[in-house]
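What follows is one structure encoded as structure tokens, with my remarks underneath.
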Amino acid sequence: MNIAKVIVDVPASSINQTFDYLVPEKFQDILQTGMRVIVPFGPRKIMGFVVGKSSESSFDKLKEIVDVLDLIPALTPELLDLGKWLANETLSLYITALQAMLPQVMKAQYNKEIVRMTDSELSSEFENLFAGRDIIAYEEVEGSAISYYQLQKAVQDGDISIDYLVKSKITKKHVTMIKPARSPHLLEEAIYDLSKNAKKQLLLLQYFLEKPEAIAKQQLLKALKTTDSTVKALIDKGLLESFQMEVYRNPYDDDAFARTVALELTEEQTTAILPIKENISNEKHDVFLLHGVTGSGKTEVYLQSIQDVLDKGKEAIVLVPEISLTPQMVKRFKGRFGSNVAVMHSALSVGEKYDEWRRIQRKEVQVVVGARSAIFAPFENIGIIIIDEEHETSYKQEDQPRYHARDVAIHRGETHQCPVILGSATPTLESYARAQKGVYKLATLSKRTNEKAMPEVEIIDMRDELHAGNRTMFSRKLKTRVEQCIQRGEQIVLLLNRRGYSTFVMCRDCGHVKECPHCDIALTFHKNSSQLKCHYCSYEEPMPVECPECTSDLIRYFGTGTQKVEEALAKLIPEARVIRMDVDTTRRKGAHEKLLTQFANKEADILLGTQMIAKGLDFENVTLVGVLTADSMLHLPDFRSSEKTFQLLTQVSGRAGRHELSGEVIVQTYTPDHYSIELASNYNFNDFYLKEMAMRKTFQYPPYVFLALLTISHENKIKAVQTAQKIVQMLLKNIQSDSKVLGPTPSPIPRIKDRYRYQCMIKYKNEPDLRSYINKIMDIFKDEMRKEDLQITVDMQPYHLM
Ligand SMILES: Nc1ncnc2c1ncn2[C@@H]1O[C@H](COP(=O)(O)OP(=O)(O)OP(=O)(O)O)[C@@H](O)[C@H]1O
Ligand SMILES: [Zn+2]
Ligand SMILES: [Zn+2]
């Protein structure tokens with residue numbers, strides 16, 4: 001078995017195959033399938049994954065593997081298979097699918113390094129540069145005293161070499177540890193020999209006499225209020241020694257979580273959990289849809305199911321949406337399972353993520369709680385997979401591989417023969433329809449655990465406000481209620497229902513709207529910096545003083561972004577203390593959590609924000625929820641807009657009155673009769689489901705059909721249109737008679753980063769060969785994609801139609 005089959009890291013569609021490499025003698029014993037290797041590829045050295053081994057190859061003159069990056073395989077055999085399935089499902093490259101399963105740091109990085117080739121003394125500039133090291137990053141030369149010529153000469157003289165290295169960006173964190181180097185009686189002897197002035201040294205030695213275990217130096221210095229030099233003196237005397245220890249960066253202090261125990265389940269919970277427990281004990285795979293109103297105790301059902309899985313010695317994966325992965329959420333899992341839980345969250349640093357991943361890989365934890373990509377956790381003995389808030393669109397990845405975590409979960413659930421639980425107060429139509437057909441097993445929690453009623457929802461028709469002369473964005477009712485709430489010392493959540501919405505700039509004289517010169521989208525006004533920015537390509541320019549079209553100075557920013565609401569609120573209810581939560585205020589790491597903590601500590605009366613405040617938050621003092629513009633999402637060009645509106649209104653209403661105090665919800669809208677608003681206000685999921693299903697049937701949208709979205713983009717508009725037309729023609733020749741191809745039409749954002757974008761949509765019921773037609777089409781345009789920078793992207797079951 002001295003031939004390795006390697007998938008190389010070359011993201012070109014022509015290279016979706018394995019290459020054979022010779023395994024050199026020295027690696028033959030250690031090399032296993034699933035390891036990352038460095039291989040020569042053309043003139044370069046690149047990273048690849050070993051996906052198989054063999055004793056023969058149909059090629060001769062094989063090149064050798066240069067290096068092996070892992071000592072234990074980065075990917076298990078199951079994940080290698082999963083990658084193949086994923087690549088096929090999403091029409092992406094195998095290498096892309098494999099890379100998607102690993103933490104960021106393990107993706108290859110191509111670096112130039114300077115390597116010292118000799119032991120003899122180099123010129124002082126070089127000695128300074130190396131400073132005792134043998135290999136340094138190429139970048140260190142920049143800014144040093146060494147010129148390019150000197151560098152070149154040193155290479156020619158053979159003193160150094162410059163290597164193009166594939167380096168995996170792995171950064172392990174080490175701490176310096178201190179421990180006694182002698183036995184206790186020798187330490188005691190040393191104490192007698194100490195000079196009287198060496199009080200600190202005495203303290204240190206006494207410490208180690210009592211506690212001979214190694215301790216982190218920083219901790220030691222702090223505990224004994226001493227300095228580095230004291231420790232060093234004892235090391236020099238050979239009494240103590242220091243060594244490096246690798247530590248995991250654990251962003252959570254596990255001891256800080258008070259342990260919780262299983263609650264006695266309510267009747268509904270007991271009924272819901274029973275078939276799940278049966279699945280677990282019989283090692284059977286079913287998909288359960290846990291439809292439970294907000295506050296009905298879904299999480300307790302998850303926790304107790306997981307406990308069963310752990311008792312069987314198996315592992316659990318729990319997915320929660322990125323924005324719900326708050327300290328509150330982490331606490332619930334760490335509180336029950338302690339340090340047995342790894343957390344995979346995008347707000348962690350690259351190193352922290354890597355450490356959490358390794359804790360999973362080394363089986364040091366049995367539970368992972370994480371956002372979308374945690375579905376690839378390298379567990380090998382999975383006993384349950386849970387997807388909380390299964391309706392969340394963030395479970396769909398928007399770059400290659402464009403997968404939905406739910407599909408991956410079900411696939412892994414089949415492989416491991418374990419239950420998959422999809423939980424939500426507002427399941428997607430797709431999932432609910434499957435549950436109705438019996439494909440998924442439905443479990444329902446219809447009541448809050450504390451038997452509190454869902455808060456009363458009042459709909460305010462904003463047209464009436466206008467007629468009554470109220471031109472503000474707050475109805476009179478909402479204003480009064482907010483004021484009363486503040487007077488009672490209770491808190492308020494205000495939702496501005498607008499995804500990606502922000503302030504744009506318009507001329508009041510001629511109506512000119514300032515757009516990005518590279519994308520067909522309005523620029524966003526950022527008040528703090530007084531800049532206009534494009535959220536698609538990061539173009540920016542200063543806010544103009546006059547209109548570029550008509551030179552009027554009446555150019556102003558418009559719209560009700562959160563900043564504007566905040567300003568309006570300050571005028572209307574000056575006593576209100578407001579925390580604003582939107583993309584701008586939460587961009588910095590940890591900002592999101594900090595704002596929530598401030599709100600929980602009652603440092604503000606009002607939490608004002610976008611979508612991100614609607615999910616999973618549980619503040620006992622919140623008694624009023626206001627939705628400022630319930631219908632703004634209804635007008636987006638998206639067949640799911642009613643569904644998303646219904647989900648959002650239901651979720652946000654669930655934030656009020658969860659505890660002792662009862663809650664109230666005020667929903668402001670210009671379309672009070674719209675069924676998604678009306679039915680959400682009655683918490684009537686069932687009627688909403690029926691009504692929306694009827695709409696989907698009439699207009700032929702999922703779950704009645706499947707979708708595939710092809711987006712074609714090019715710098716030249718004509719080229720983009722023509723290619724799109726050709727593709728539509730080809731598709732029409734191949735599809736079944738009951739399938740449809742719509743388009744080509746310009747994408748909802750017709751130009752991004754100077755590229756024109758056209759799309760076509762395939763609606764189909766049954767197209768077993770669709771993936772292979774699309775692959776064939778991609779193959780036809782392969783050369784144009786490579787040479788002329790034509791881009792064709794495919795999104796199977798798209799969520800984001802832009
Ligand atoms: N069996 C039980 N007995 C008493 N309290 C319970 C029980 N189960 C859950 N709870 C409590 O009820 C509250 C709501 O439960 P939980 O947050 O799990 O609901 P949820 O359905 O996940 O809500 P949401 O969808 O809003 O996140 C929590 O405070 C939880 O501790
Ligand atoms: Zn103008
Ligand atoms: Zn732009």
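Among the residues of this structure, Val350 does not count as one that is surrounded by 23 or more Cβ atoms within 10 Å (Cβ to Cβ), hydrophobic (A, V, I, L, M, F, W, C) and at pLDDT below 95. Is it the case, given these coordinates, that Gly52 is assigned to a loop (DSSP other than H, G, I, E, B) and within 30 Å of Arg412 (Cα to Cα)? When the stated conditions are applied, Gly52 does not pass them.
Residue-wise test of (1) at pLDDT 90 or above; (2) out of contact with any Gly (no Cβ under 8 Å at 6 or more places or on another chain); (3) over 19 Å from Gln668 (Cβ atoms).
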site: Glu567; (1), (2), (3): no, yes, no
site: Lys571; (1), (2), (3): yes, yes, no
site: Ala576; (1), (2), (3): yes, yes, no
site: Asp582; (1), (2), (3): no, no, no
site: Arg587; (1), (2), (3): no, yes, yes
site: Glu593; (1), (2), (3): no, yes, yes
site: Gly609; (1), (2), (3): no, yes, no
site: Ile613; (1), (2), (3): no, yes, no
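Name every residue in segment 518-554 that is under 33 Å from the mean Cα position of the chain (by Cα) and either surrounded by fewer than 13 Cβ atoms within 10 Å (Cβ to Cβ) or basic (Lys, Arg) (or both), in order of residue number. Result: Lys527, Asn528, Ser529, Ser530, Lys533, Ser538, Pro542.
Flag not set for Leu690, criterion: surrounded by 21 or more Cβ atoms within 10 Å (Cβ to Cβ), farther than 19 Å from Arg448 by Cβ, aliphatic (A, V, I, L, M) and not assigned by TED's automatic domain parsing to the domain that holds Arg751.
Taking the criterion of being at pLDDT below 80 and over 13 Å from Ala154 (Cα atoms), the residues of segment 103-119 that qualify are Gln104, Val105, Met106, Lys107, Ala108, Gln109, Tyr110, Asn111, Lys112, Glu113, Asp119. Looking at this structure, is Ile727 assigned to a helix (DSSP H, G or I), in contact (Cβ under 8 Å) with a residue 60 or more places away in the chain and within 30 Å of Lys787 (Cβ to Cβ)? The answer is yes for Ile727. The conditions of being away from ligand 2 (no atom under 16 Å from the Cβ) and in a loop (DSSP other than H, G, I, E, B) are met by Lys447. Only one of the listed residues (Lys84, Lys45, Lys61) is assigned to a helix (DSSP H, G or I), among the basic types (Lys, Arg) and not assigned by TED's automatic domain parsing to the domain that holds Ile792. That residue is Lys84.
Number of residues in segment 617-639 that are surrounded by 20 or more Cβ atoms within 10 Å (Cβ to Cβ) and over 16 Å from Pro672 (Cα atoms) equals 5. When segment 190-231 is filtered for residues that are in a loop (DSSP other than H, G, I, E, B), of a type outside the set (Gly, Ala, Ser) and more than 44 Å from the chain's Cα centre (by Cα), the ones remaining, listed by number, are Leu194, Lys196, Asn197.
Taking segment 288-313 as the range and being among the charged types (D, E, K, R), more than 23 Å from Thr444 (Cβ to Cβ) and either out of contact with any Asp or Glu (no Cβ under 9 Å at 6 or more places or on another chain) or surrounded by 23 or more Cβ atoms within 10 Å (Cβ to Cβ) (or both) as the test, only Asp311 passes. Against the test of being in a helix (DSSP H, G or I), more than 16 Å from ligand 3 (Cβ to nearest atom) and not aliphatic (A, V, I, L, M), the options Ser346, Ser305 yield a single qualifying residue, Ser305. Within the set Asp779, Asp769, the sole residue that is of a type in the set (Asp, Glu) and touching a residue at least 60 places away in the same chain (Cβ under 8 Å) turns out to be Asp779. Starting from residues that are under 14 Å from Phe781 (Cα atoms) and assigned to a strand (DSSP E or B), keep the ones in segment 706-724 and report whichever is farthest from the chain's Cα centre (by Cα). Filtering segment 706-724 for residues that are under 14 Å from Phe781 (Cα atoms) and assigned to a strand (DSSP E or B), the one farthest from the chain's Cα centre (by Cα) comes out as His714.
Annotation: of all residues in segment 520-551 being more than 15 Å from ligand 2 (Cβ to nearest atom) and on the phi > 0 side of the Ramachandran plot, the one that is modelled with the lowest pLDDT is Ser538. State whether the residues of segment 428-440 include one that is at positive phi, of a type in the set (Gly, Ala, Ser) and surrounded by fewer than 18 Cβ atoms within 10 Å (Cβ to Cβ). Yes, segment 428-440 contains a residue that is at positive phi, of a type in the set (Gly, Ala, Ser) and surrounded by fewer than 18 Cβ atoms within 10 Å (Cβ to Cβ). Residues that are within 16 Å of ligand 1 (Cβ to nearest atom), surrounded by 12 or more Cβ atoms within 10 Å (Cβ to Cβ), under 30 Å from Phe333 (Cβ atoms) and of a type in the set (Asp, Glu) are absent from segment 280-287 altogether. Among residues of segment 433-446 that are within 20 Å of Thr270 (Cβ to Cβ), those with a Cβ under 8 angstrom from a residue that is surrounded by fewer than 16 Cβ atoms within 10 Å (Cβ to Cβ), sequence gap 6+ or separate chain, pair up as Lys441/Pro275; Leu442/Gln436; Ala443/Thr271; Ala443/Pro275.
Which residues, taken from segment 555-570, are among the hydrophobic types (A, V, I, L, M, F, W, C) and surrounded by 20 or more Cβ atoms within 10 Å (Cβ to Cβ)? Residues satisfying the conditions are Ile555, Val565, Leu569. The numbered conditions (1) surrounded by 12 or more Cβ atoms within 10 Å (Cβ to Cβ); (2) modelled with pLDDT of 85 or more are all true for Phe257 except (2). The single residue among Val23, Val51, Val66, Val39 that is in contact (Cβ under 8 Å) with a residue 40 or more places away in the chain, within 23 Å of Leu102 (Cα to Cα) and of a type outside the set (S, T, N, Q) turns out to be Val51. Of the helices (runs of 4 or more DSSP H) lying entirely inside segment 631-705, those carrying at least 1 residues that are at pLDDT below 90 and of a type in the set (Gly, Ala, Ser) are 641-653. Beta carbons closer than 8 Å, at least 6 apart along the sequence or on distinct chains, pair a first residue in segment 569-594 that is basic (Lys, Arg) with a second that is assigned to a strand (DSSP E or B) for Arg577/Ile606; Arg580/Leu608; Arg580/Gly609.
The values are calculated or read from the model by the stated rules, or taken from the named source; none is laboratory data. As the structure is a prediction and not an experimental result, all values here were calculated from the model. Neighbour counts are summed over all protein chains in view; Cβ atoms, including those assigned to glycine, are modelled from backbone coordinates with ideal geometry.
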